[in-house]
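This report refers to the structure that appears directly beneath it.
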Amino acid sequence: MSLLDSLNPQQREAVTTINGPLLVLAGPGSGKTRVITTRIAYMVEQGIPAYRILAMTFTNKAAGEMRARVEKLVPGSQMHISTFHSFGAWLMRREAEVLGFAKDFSIYDTDDRDSLIKRLMKELNIESAFVTASAAGYAISDAKNRGITPAYFASGAFDPKTKAIAEIYEKYQGALKQANAMDFDDLLVMPLELFHKHEDVLDKYRNRFTHFLIDEYQDTNTVQYQVANLLARRDKNICVTGDPDQSIYSWRGADIK
């Protein structure tokens, strides 16, 4: 039985268009994930090595389901299918030293982040009644997901509360570096910084990955978009699938534009 036998004409066109950029827009239950997993299997069938394919989505559950579906179609392929954050962690474990971190860096969760911010607020004499550690943490996380650096954040801080958060943000990034740690958002931000500052490293991963697939593309934020854009810009073999009406991550910077 051919991979294409169970597909309708539109799905078949999406699966067999494997070179160049491709945007697949489809509503709930229309088989978007089936298209993307069948497309991966078809690419391998057409001679594209599995290790040159990078597929990304937004939750561990979705990535796990995609991996399981691909494994059924292409047993033993072991291709790179993950969330954006997991890809960032994988990349930084290999390249952290280029940005001045050791490869065994710690990854801080929200509690670790807020605990560090509380300590820094004491050092800066910023009262929690004025701005809480969790509020500062949320603002910093939002800034990172929108690609806003501490310096840029500070340049737009005009009211006392935003100025205090800008001061915390700058100290926080320095403290993370000193502790050889990254927070969850840095797993997106640091790969972007790495690719912007070190073109040789970007070329290395452009040579490794030549075909890209992103599921649930409507949930991409600024930093995720820029990472994908940099990686795919040379060969332009990128397929994204999504449904504009299902965008649910605007609270963490997802931008339908």
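Details
- Some residue of the stretch 155-162 being of a type outside the set (Val, Ile, Thr), modelled with pLDDT under 95, open to solvent by less than 50 Å² (accessible area, probe 1.4 Å) and within 23 Å of residue 224 (Cβ to Cβ): yes
- The set of residues in the stretch 170-186 being under 26 Å from residue 225 (Cβ atoms) and either of a type in the set (Lys, Arg) or open to solvent by 10 Å² or more (accessible area, probe 1.4 Å) (or both) consists of 170, 173, 177, 184, 185.
- Within the stretch 12-25, if we keep just the residues that are in contact with a Gly (Cβ under 9 Å, 6 or more places away or on another chain) and either acidic (Asp, Glu) or closer than 17 Å to residue 55 by Cβ (or both), the residue that is surrounded by the most Cβ atoms within 10 Å (Cβ to Cβ) turns out to be 24.
- Evaluation of residue 255 against (1) closer than 30 Å to residue 123 by Cβ; (2) at pLDDT below 95; (3) within 16 Å of the chain's Cα centre (by Cα) (one fails), failing number: (1)
- Test result for residue 165, of a type in the set (Val, Ile, Thr), buried (at least 18 other Cβ atoms within 10 Å of the Cβ) and closer than 21 Å to residue 223 by Cβ: yes
- One residue from 73, 91 being surrounded by fewer than 19 Cβ atoms within 10 Å (Cβ to Cβ), in contact (Cβ under 8 Å) with a residue 40 or more places away in the chain, over 24 Å from residue 220 (Cα atoms) and in contact with a helix residue (DSSP H, G or I) (Cβ under 7 Å, 6 or more places away or on another chain): 73
- Selection status of residue 110, on the phi < 0 side of the Ramachandran plot, of a type in the set (Val, Ile, Thr) and open to solvent by 50 Å² or more (accessible area, probe 1.4 Å): yes
- Sole residue being more than 30 Å from residue 42 (Cα to Cα) and at pLDDT below 95, chosen from 115, 128: 128
- Close contacts from the stretch 104-118, counting a first residue that is farther than 14 Å from residue 171 by Cβ and a second that is β-branched (Val, Ile, Thr) and open to solvent by 50 Å² or more (accessible area, probe 1.4 Å), with Cβ to Cβ under 8 Å and a gap of 6+ residues or different chains, come to none at all.
- Where a residue in the stretch 123-146 is open to solvent by 10 Å² or more (accessible area, probe 1.4 Å) and its partner, wherever it lies, is of a type in the set (Ser, Thr, Tyr), with Cβ under 6 Å and at least six apart: 146/222
The values are calculated or read from the model by the stated rules, or taken from the named source; none is laboratory data. Please read all numbers here as calculations on a predicted model, not as lab measurements. All Cβ positions, even for glycine, are placed from backbone atoms using ideal geometry, and neighbour counts span all protein chains on display. Note: areas computed on protein heavy atoms with side chains; ligands, DNA, RNA excluded. Shrake-Rupley method; radii C 1.70, N 1.55, O 1.52, S 1.80 Å.
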